[in-house]
Amino acid sequence: MSAHGLTDDFLQRAQHALGQDFLRQAVRKTTDRLRDGRAQAVREAGDFEAWRDALSASRRRAIARLDAVLRVFVERASAHGVQVHFAADAAEACAIVVELARAKGARLAAKGKSMLSEEIELNQALEAACVEALETDLGEWIIQLAGERPSHIILPVVHKPRAEIRELFEQHGGITLSDETKVLAGYARDRLRAEFLRADLGITGCNMAIAETGAVALFSNEGNGRMVSTLPKTHIALMGMERIVETRADFVDLMRLLPRSATGQRITTYVNVLHGPKRTHELDGPEELHVVVVDAGRSQQLADRDYREALACIRCGACLNACPVYSTVGGHAYGTVYPGPIGAVIEPLYARDDERRAELANASTLCGACHEACPVRIPLHDMLVSLRQANVRQGRGDRSELALQRVAARAMAVPFVYAGGGAVARWFGRFVAGDGAWPRFVLHHTPVLQAMARQRVLPKPPVRAFRDQWADLAREDMRGSDGR
Amino acid sequence: MDAESFYARIASALGGPSPALHLPPALKVAAVTATATERRAWAHLASERLRSVGGSAECVSRSQLAARVQELVGASPTVRVADALLPAEVLSVLGQATACTAVDAHTWREACAAATWGVTDADAWIAETGSVLLCAQRDRPRATSLLPRHHLVIVPLERVIPSLEGALNALVDTPSQWLLVTGPSRTSDIENDLTIGVHGPAVLHVLVVDEETA
């Protein structure tokens, strides 16, 4: 690790992202658009802060007695004919779905957008069991055809130019298309329509469950989520164990905040709330509805008071759009399923021994914009600081920087040592850098500077320390008030 | 993992099992009472909000209704909800349409996949967002509003309500599915360029029937 605590891997991914003009502009444009949309929605909705307070409280309440809340959900959902399964980890979750697919003799699973499915790598598990897993959200389908990973949790394919999308579709269909959005979306509509009707299995995520009514809710704009939860005979919903509110009233707050925080919409085109499979006399709807409740690291996070609040997340992506780091490098630089500030917090918690995830706490400016944007007020920046502290305690980080920090900590505790040390540092700086830039050979061959300057521009050494200037200012201020 | 071990893991993470949660079974709340003038104001707001997301709506009198439906749907292949849910005069102009009560599940799906229009009523139309509330039931199958390219909603003025809370309270029992539809299907996945009509209907049109309108 270098002085900023990021490995060469991360830096290479970030450099790669920064080198691609389209990606850089597209990520910026997308995050700007979503952020403006959210700001507009906040201005229009006079009660926004009150809704935030209410949802922040209800999410935390549900998490604080999650076992009891889940019991109510399971009891009431079962009464509607929902079959609930529990998975301790990703492997178990995949095994449950694969086993259901086998039992149904399923050959094609049509999928709605689900980040949990990405997290547990369900598609790979299904393919290994000879079940075709087909993403049907337009963005996710493009990602699947390209063999990539989503780069944003709600707009997975922001990083791809339309010409590349056209090429993917042309290869897929063996036809010629134009670059127009309507033409490309129309191709997806036509191709996927047949698949919806043919699929044996529909798989979705779960934006939120409602304990009071035993319901599973799906928010979507395209309508593919409705297709896969209506047409196939069996519907499986994957649910992170924390994705639950207690009452319908809590759910109303969510309906108001999730779309506004994600895209600035008042509500998504579809809010689809399911209370079990089709009833006996109904003409359509799935014959079976299975809900797989997944832990996969969440109970570890729940046990840790410092990070428990992050389980209140509603996966809107507002923190990604607000983050100066995310909106500069995009999602792929993080190298994880969940990018951005929320990813930097939850990814290391899901797998605590993973060095690559641990470093993400450093991919942040700690500006707090994520906290301001978060509809449920998760103090993400505090958590990032705390994760950095944990990293240092566990000896992660650059040795020379850690040594420097230890020396600095001692020095700062004693005023005259601090002042003297500062004077020496300024003298050294002026000696080597003069009034201009630091010479390269100094940066490259001085141990501490070498690490610090790799991704940063070192400032010109000041002539006088701030604390000396401050003393002068204070004296002038005194004179000013004397003369009045 | 079995349910009890799963709960036990959560309980241990929380530092002990939580006391049982007593949530009263979902309460039925009285429907919103309001004057026709209030409902008209809500309908006006609902139309505005629906239009802002690419949907459309208009207010018609009982006497204009049949002609308007005829104009919109014409002779296009159409699927519709059961007789009981639509005004009688609409049924007469939708003579060619496939009613969900007249066919088996297989024929119904084929008819929906081939239809240009799906005609439904609605449990509520919500001013706050312009959303239409549809609860699945035998007389109102889900695919009516999903597979056809155009979705026509015919809703009486008495079912226009101000807010989302009202919609949740309007639910009778627990249907297998309840659904809010707010505008046509949309996506911005390709270069942030908004496109209408991806998987769901590309057109959502609401006819609100006001008995007193001349």
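Assorted remarks:
- Residue list for segment B:165-177, restricted to those being modelled with pLDDT of 90 or more and crowded, with 24+ Cβ neighbours inside 10 Å: B:Gln177
- Residue ID - nearest to A:Ile346 (Cα to Cα), chosen from residues in segment A:145-167 that are of a type outside the set (D, E, K, R) and surrounded by fewer than 19 Cβ atoms within 10 Å (Cβ to Cβ): A:Gly147
- Segment A:409-438 - residue that is outside any helix (DSSP H, G or I) and closer than 18 Å to A:Val463 by Cα and, of those, modelled with the lowest pLDDT: A:Asp435
- Where A:Glu135 falls short, out of the listed (1) modelled with pLDDT of 95 or more; (2) surrounded by fewer than 16 Cβ atoms within 10 Å (Cβ to Cβ); (3) of a type in the set (D, E, K, R): (2)
- Test: residue in segment B:11-31 that is out of contact with any Pro (no Cβ under 9 Å at 6 or more places or on another chain), in contact (Cβ under 8 Å) with a residue 40 or more places away in the chain and in a helix (DSSP H, G or I): no
- Any hit, segment A:221-229, residues being touching a Ser or Thr at 6+ places or on another chain (Cβ under 8 Å), over 24 Å from A:Leu192 (Cβ atoms) and surrounded by 24 or more Cβ atoms within 10 Å (Cβ to Cβ): no
- A Cβ distance below 6 Å, combined with a sequence gap of six or more or placement on separate chains, defines the contacts here; from segment A:403-431, residues that are not assigned by TED's automatic domain parsing to the domain that holds A:Phe466 reach no residue that is surrounded by 13 or more Cβ atoms within 10 Å (Cβ to Cβ).
- Restricting segment A:246-262 to residues that are assigned to a helix (DSSP H, G or I) and over 22 Å from the mean Cα position of the chain (by Cα), the residue that is farthest from the other protein chains (Cβ to nearest Cβ) is A:Asp250.
- Considering residues of segment A:278-292 that are at the interface with chain B (Cβ under 7 Å from one of its Cβ atoms) and in contact (Cβ under 8 Å) with a residue 40 or more places away in the chain only, the residue farthest from B:Leu179 (Cα to Cα): A:Asp284
- Filtered residues of segment A:56-65 (kept if within 13 Å of chain B (Cβ to nearest Cβ) and hydroxyl-bearing (Ser, Thr, Tyr)): A:Ser58
- Residue among B:Leu45, B:Leu21 that is within 14 Å of chain A (Cβ to nearest Cβ) and closer than 16 Å to B:Leu164 by Cα: B:Leu45
- Scanning segment A:131-151 for residues being within 10 Å of chain B (Cβ to nearest Cβ) and within 24 Å of A:Gln20 (Cα to Cα) gives a total of 6.
- When residues in segment A:60-91 are screened for being in a helix (DSSP H, G or I) and of a type in the set (S, T, N, Q), 1 of them pass.
- For segment B:112-214, the strands (runs of 3 or more DSSP E) that sit wholly inside it and include 2 or more residues that are among the β-branched types (Val, Ile, Thr) are B:117-120, B:150-156, B:203-209.
- Counted residues, segment A:187-219 - those being in contact with a His (Cβ under 9 Å, 6 or more places away or on another chain), more than 8 Å from every other protein chain (Cβ to nearest Cβ) and surrounded by 24 or more Cβ atoms within 10 Å (Cβ to Cβ): 5
- Scanning segment A:328-370 for residues that are among the aromatic types (Phe, Trp, Tyr) and at pLDDT 90 or above, we see that the one that is surrounded by the most Cβ atoms within 10 Å (Cβ to Cβ) is A:Tyr334.
- Considering segment B:178-194, and only residues there that are modelled with pLDDT of 95 or more and of a type in the set (Val, Ile, Thr), the residue that is nearest to the chain's Cα centre (by Cα) turns out to be B:Val181.
- Just one of the listed residues (A:Ala68, A:Ala110, A:Ala45) is within 11 Å of chain B (Cβ to nearest Cβ) and at pLDDT below 90, namely A:Ala45.
- Scope segment A:286-339; condition more than 26 Å from A:Arg60 (Cα to Cα) and of a type in the set (Phe, Trp, Tyr); matching residues: A:Tyr326, A:Tyr334
- Subset of segment B:86-104 (residues that are surrounded by 15 or more Cβ atoms within 10 Å (Cβ to Cβ), aliphatic (A, V, I, L, M), within 14 Å of chain A (Cβ to nearest Cβ) and not in a strand (DSSP E or B)): B:Val103
- Residue list for segment A:157-186, filter: more than 10 Å from chain B (Cβ to nearest Cβ), free of Cβ contacts under 8 Å to residues at least 60 places away in the same chain, assigned to a loop (DSSP other than H, G, I, E, B) and closer than 15 Å to B:Glu191 by Cα: A:Ser178
The values are calculated or read from the model by the stated rules, or taken from the named source; none is laboratory data. This structure is a prediction, so every number in the text was calculated from the model and none was measured. Here the Cβ is made from the backbone with ideal geometry for all residues, glycine too, and neighbour counts use every protein chain on show.
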